[in-house]
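Notes to accompany the following structure.
The values are calculated or read from the model by the stated rules, or taken from the named source; none is laboratory data. Every value quoted in this text rests on a predicted model; they were computed, and no experiment measured them. Reconstructed Cβ throughout: ideal geometry from the backbone, glycine too, with neighbour counts over all protein chains shown. Protein only, heavy atoms only, side chains kept; ligands, DNA and RNA dropped before computing areas. Shrake-Rupley method; radii C 1.70, N 1.55, O 1.52, S 1.80 Å.
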Amino acid sequence: METSIVHLSDLHFKNDVENRFRIEKLREDLAHLPLGSNVITAFTGDLVQSGEQEQYDVLFEELLGPLIESDHHIAIVPGNHDVERHLTDAESA
């Protein structure tokens, strides 16, 4: 059985018209991959722009959720933008 690996890096997703358009086009490209557990999609670097929960919610609804429903395996390596800085700055003070 053949395995496909998709590597996406530094999406920097934020909930605006431009980024929703980019996600829509990305989903169209990913739809060409075979369905099933022989697809691994790896996200590395900054998934979202500023680590806000709303950005993750929309990204999951628009991209990650549909990939999981298509039985893709998902691997995520977060980047420095994937945390809410005001929370980490307050904890380190």
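Tabulated values for the structure
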quantity	calculated
Count of segment 1-10 residues which are open to solvent by less than 50 Å² (accessible area, probe 1.4 Å) and modelled with pLDDT of 90 or more	2
Subset of segment 63-81 [of a type outside the set (Ser, Thr, Tyr) and either assigned to a helix (DSSP H, G or I) or out of contact with any strand residue (DSSP E or B) (no Cβ under 7 Å at 6 or more places or on another chain) (or both)]	Leu63, Leu64, Gly65, Pro66, Leu67, Ile68, Glu69, Asp71, Pro78, Asn80, His81
Filtered residues of segment 48-84 (kept if among the charged types (D, E, K, R), surrounded by 14 or more Cβ atoms within 10 Å (Cβ to Cβ) and within 21 Å of Glu28 (Cβ to Cβ))	Glu62
Hits in segment 11-39 - residues which are small (Gly, Ala, Ser) and either on the phi < 0 side of the Ramachandran plot or modelled with pLDDT of 90 or more (or both)	Ala31, Ser37
Total residues in segment 9-26, condition within 11 Å of the chain's Cα centre (by Cα) and either closer than 12 Å to Leu63 by Cα or part of a helix (DSSP H, G or I) (or both)	4
